[in-house]
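The structure appears right after this line, and notes come after that.
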Amino acid sequence: MALKDCKPSSSLKVYNPWRDFDGIYDIGKEAPEIRCKHLENYLRHRVPGAKYIFVAEAVGFQGGHFSGIAMTSERILLGHHKNKKLQPSLVISCNTKRTSNPGHISINKTQSKMGYNEPTATIVWESIIDSKRNPFDVILWNMYPFHPYQTGLLTNRTPSDAELREGIKYLNILRGLVQNAEIVAIGLKSHQTLTHFGIKHYSVRHPANGGASEYRQQIADLLK
């Protein structure tokens, strides 16, 4: 799945982490290629045998924008997460590398030292590990697989309905590669889009905005 070759058709502000390079926030011109390697290794271990595809809304700047993997933070990939259960080896097998620039003026001291951390990524990964499921049974994905942003690259924007509909073609490619996987919609936007296209799925609450406890319980029930 060559996301690096994709140019999102949206006229709004969109960043493709596997193709685009930013001279301020990326560590260097090699950043997109590093993210490609992360994603390729991640999928290689899960295609075609994964049992679930978890589909959230869109890539966020604290997660897939720099890690290259949906709902996965740099801090997890680099082995710097405070929860020591969240080890890079549960995500990918290749050597992981940082792609965010630790020296730019907008970054805080912890981010500079350990990379970006995404709360949603933490909850999603902890829930998978706590379920005792093999983490390679689950593919994390986004309905819109790119990063929609607002006024700058360190912001997030809710994807438009048109962007979500565009994203279905990438999900369908993935579904074709993992034909026995069950689809799990994370959040309302994902649920609505999957329903619109008639794709059978489970639906769980998004862990953000006070939904963490309910999300954890729903995933525990689903994966038991």
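Taken together, the values in this text are just the output of simple stated rules run on the coordinates, not laboratory data. Predicted model only: the values in this text are computed from it and were never measured. Virtual Cβ from ideal backbone geometry, glycine too; neighbours counted across all protein chains shown.
Here are the numbers for this structure:
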{"item": "Amide proton proximity set for Tyr15, modelled H, under 5 Å, gap of 5+", "result": "His147, Tyr149"}
{"item": "Which of Met114, Met143 has the fewest Cβ neighbours within 10 Å, and the rest in rising order", "result": "Met114, Met143"}
{"item": "Nonlocal amide H pairs with Ile183, under 5 Å, H built at 1.01 Å", "result": "Ile53, Tyr202"}
{"item": "Cα centroid of segment 8-67 to Cα centroid of segment 122-171, whole Å", "result": "10 Å"}
{"item": "For segment 102-117, 3J(HN,Hα) per residue [Karplus equation, 6.51 cos²θ - 1.76 cosθ + 1.60, θ = phi - 60°, Hz, x = Gly/Pro]", "result": "x, x, 6, 6, 8, 8, 8, 5, 5, 5, 4, 7, 10, x, 6, 10"}
{"item": "Given charges at beta-carbon only (K, R positive; D, E negative), |dipole| of segment 17-223 in Debye", "result": "460 debye"}
{"item": "All aspartates and glutamates inside 20 Å of Lys224 as judged from Cα atoms, apart from same-chain residues fewer than 8 positions distant", "result": "Glu126, Asp130, Asp137, Glu182, Glu214"}
{"item": "Charge dipole (segment 22-176, unit charges on Cβ, about Cα centre) - positive-most of Phe146, Val124, Gly23", "result": "Val124"}
{"item": "Per-selection Rg to Rh, segment 17-223 - Cα, Kirkwood hydrodynamic radius", "result": "0.94"}
{"item": "³J(HN,Hα) computed for each position of segment 48-64 - Karplus, 6.51 cos²θ - 1.76 cosθ + 1.60, integer Hz, glycine/proline x", "result": "x, x, 4, 9, 9, 10, 8, 10, 9, 8, 7, 5, x, 5, 8, x, x"}
{"item": "Likely footprinting exposure, Cys94, Cys36, fewest C-beta neighbours within 10 Å first", "result": "Cys94, Cys36"}
{"item": "Exposure proxy ranking, count of Cβ atoms within 10 Å, fewest first, for Phe197, Phe21, Phe54", "result": "Phe197, Phe21, Phe54"}
{"item": "Lys/Arg +1, Asp/Glu -1 at C-beta; the chain dipole; positive extreme among Val14, Tyr52, His81", "result": "His81"}
